[in-house]
1. Which number gives the lysine pairs in region B:302-518 that have C-alpha atoms under 24 Å apart and are eight or more places apart or on different chains?
2. Sorting A:Trp77, A:Trp153, B:Trp102 on the 10 Å Cβ count, fewest up front, what's the list?
3. Size of the dipole of chain B about the Cα centre, Lys and Arg at +1 and Asp and Glu at -1 on the beta carbon, nothing else charged, in debye to 20?
4. If you average the sequence gap of Cα pairs under 8 Å that are 6 or more apart and divide by the length of region B:302-518, what percent do you get for the contact order?
5. Net charge within 13 Å of A:Leu250 by Cβ-Cβ distance, Lys/Arg positive one each and Asp/Glu negative one each, not counting A:Leu250 itself?
6. Under a GNM of chain A (C-alpha, springs under 10 Å), which listed residue has the highest mean-square fluctuation: A:Thr128, A:Thr205, A:Thr105?
7. When DSSP beta bridges are limited to those with both residues in region B:302-518, what percentage is antiparallel, rounded to the nearest 5?
8. Under a straight-distance cross-link criterion of Cα-Cα below 20 Å, which aspartates and glutamates are reachable from B:Lys157, leaving out those fewer than 8 residues away in the same chain?
Amino acid sequence: MRGYVVRRLVHGAFVLWAAVTLSFAVLHLVPGDPVSIMLGQGEGADVSNVSAAQVEALRASLGLDRPLPLQYLSYLWNAVHLDFGQSYSTGEPVTTMIARALPATVSLALLSLLIAVATGVGAAIAATLLPWAPARSLFLSTTVVGVSVPSFWIAILLIQLLSFRLGWFPAVGNDGLTSLVLPAVSLAIPTAGVLAQVLGKSIRTALGEPYILTARAKGAGRLRILLRHAIRNASIPTMTMIGMMVGGVLAGATITETIFARQGVGRITVDAINAHDFPVIQALVFFAGGLYVLVNLVVDLVYPKVDPRIVVRTAMA
Amino acid sequence: MHIRSFRPRWRVLIVPAAVLSLAAASCGTGSQNTSGDARSASATEPVRGGTLKYALASDPECVDPQQKPQISVRMIGRQLTDSLTEQDPETGEILPWLATSWEVSEDARRFTFHLRKDVTFSDGTPFDAEAVKANFERILRLGAGAPQAIGFIAGYKGTTIVDKYTAEVDFEKPNAQFLQASATQSLGILSPKTVTKDPKAVCLGDISGTGPFTLERYTPQQGVVLKRRDDYAWASPLAKNKGAAYLDRVDLRIIPENGVRTGSLSSGQVDAIETVPTADVATLEKNPGFSLLSAPLPAISIPYIPHVYSPRLRDARVRRALSLGLNRQEIVNAIYAGVYPVATGVLTKANPGYANLGDNLSYDPDQAVRLLEEAGWTKVGKDGIRVNAKGERLSLEIQYVGTGTPAEQMHQLVQQQWKKIGVDFVLKPQKQLPDLTRDKLPYDISTWSQTRGDVDVLRTVYSSFFSNMSMLYGHPDKALDQLLTGLQTTIDTQHRNEIAAKAQARILDQGYAIPVYDLLAIFGISKRVGGFKVDTDGKPIFNDAWKRS
């Protein structure tokens, strides 16, 4: 078991290295220069009148005049030490920026995952358990709507109805739980839709298995069959999905946080990409990659607990 | 030299803003509104106290107006500190502020400012000639870290402290634009204690100025809270209230999404918003609970710039024909809901050097066709596009950033308009424009936007002097350059305007610019608010503002 975890952690480190290296390469391949952006140069932006020597001085102070391989190595070295330097645009230490934004995004992500899992699982069960066929297919089709409607559209409808018209929730900001409800719901709905689809499908597959027939022959009721027998077997793909959803929620946060004008990691990401703020982007890639690796490791470790048929090999296979 | 973003920066999405605001505004009964292009909104009797909630369209990322050229930063800087002079938005005249009077030497190289004696910074330091000197020296140290300000004081030689309240600023070369620059927030005066601090710390809020408000806090991505300074007594000449502001606080919240910003206003969650989308203007106008304030900006009219080095655009007749083939009214109506005025010259009416050249900017496709034929584009191919004797098609490419933006919609409409005179306008949206000097751009036409309350904006944009911002860089028009250099050598307004008028006529005659429309800064304001005003480049002045509870 310990060997497995160690092996996975080594894999994880490799994934992380690949992610930061790739992002470094992409950032330097994409046209656009952070110094020009800082000086407001380029078409349609604020332009200013600065001498070439002054520009070079600024470039040197940011370490951007060094050869690319050197920049890459010093970045890797710093990443290992969790030192990501300072943001080009604000001058603030990157870790401070992210630490400040993190609580808002974490609470948004947790609440939205909670809502997504609750409604997704609820809808999947309703779509199989309801005694009347048209009601079941109604639930099934609402989940399709959930999947297909983009979260920004849901966000707009929610703001429109519940904030602007009814005034129940504030439209923007980070002030307390009320300001968290709308963004969490709009972020949760597409996730819940996908979850309900996958879980519903696996439940239906599981219900067709011979062991269900056996259980039914032994006199088990509909609910017992579903909860005791079908769900356990059907939940493996769903768990894999929840692992991936963490990434989805982080990505969704960029949109949701912008619409709801919330402080958070998603907003930082958008601003950093706009400004070619390398230190910030690289730190974000590092942390998002790390989180992803970790969550998927946890999910893999939970599998055998849910389904004893899955055996984690301890020996080198 | 402030430039408005012509195209929005990349946004996560484009929300149909009008749809959003409709419901919130549906309580309107269609009575009279008070929109117009006055620079102040309705008022009865001022009330003291309260917090004004104002929605910003973008995160300033810094609160030091010397360091960052962006309008959002200067807007906050305007509240935190004052400038040596102020500019009258109506006449463009430079008015006394922290400097009660000034003299400029004949050769426009020495500027002597006589300062107010009763001013203090919010950290208690008195304002004097030493403070002025310390600010200019800081800008020199910042260099490219203060891009706007360093350009304004290019050729700075030194400041002499004549006496405690007289500062003499010297330049190596004539620098006539410096007087107007002294009215900008890029040269706003900060406390001598602030200027010695780490610029990054100042950016993030460790700042002290002479302004009517002090910074209570800046929370990145959330907003800025300003607190009234009770002993303030030297307000801008534009403010009626010379003493402390009426409001206790101004709560500036960042709401980047257009539709959400408008909706937050119409549902009463904020009291005023900036950058009202043109599509929402009509809805807000109909609603009696709000007023609109549209401030014309002292800028260049938003132009198409034909690159004179493009092989098909070397002939001035072709460039002129493109202008004649442009139906500006149709563009403004279709893309900007009829809100922005069509261009009537190279500069907007709000620029002090504006010359009315509207007659040169009429829509005349027949004359356009005649000019194109004279220039050798005589045959029309099967696809409706003109061809010259060598068989080349009259195809012109524009590269730009951002799809689905009003700017792109404008390009699409212009594509149809120019098709009618046989010109193929090719649209190439890009992720990012090439980082090249102005004479090397690998396409034929670009757009530009630049705001400044001085005719010197002509020199910046239409000379051949600056590699990244002058449209004729590398391909000088000697006569035009000479006129524009002349602007720097005299501070006599009438003389400068005469020179500027000649330059503007030449720019249009040679087809260096194809002005399209004039930008406005549009604000939406709740009727609870009175005394809301903006300065010459559309930054609010909160000193007169008050809010009914």
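Here, each number is a calculation from the coordinates, and none is a lab measurement. Predicted model only: the values in this text are computed from it and were never measured. So basically every Cβ, Gly included, is an ideal-geometry build from the backbone, and we count neighbours across all protein chains shown.
1. 16
2. Fewest-to-most ranking of A:Trp77, A:Trp153, B:Trp102: A:Trp77, A:Trp153, B:Trp102.
3. Working: 64 positive and 60 negative charges, 227 e Å.
Roughly 1100 debye, rounded to the nearest 20.
4. Working: 394 pairs, mean separation 67.6, N = 217.
Relative contact order here is 31 percent.
5. Details: positive: A:Arg267; negative: A:Glu257.
Cβ neighbours under 13 Å give a net charge of 0.
6. With Cα springs under 10 Å in chain A, the top fluctuation among A:Thr128, A:Thr205, A:Thr105 is at A:Thr205.
7. In region B:302-518, DSSP labels about 55 percent of beta bridges as antiparallel.
8. Reachable aspartates and glutamates: B:Glu103, B:Glu106, B:Asp107, B:Asp128, B:Glu130, B:Glu137, B:Glu168, B:Asp170, B:Glu172.
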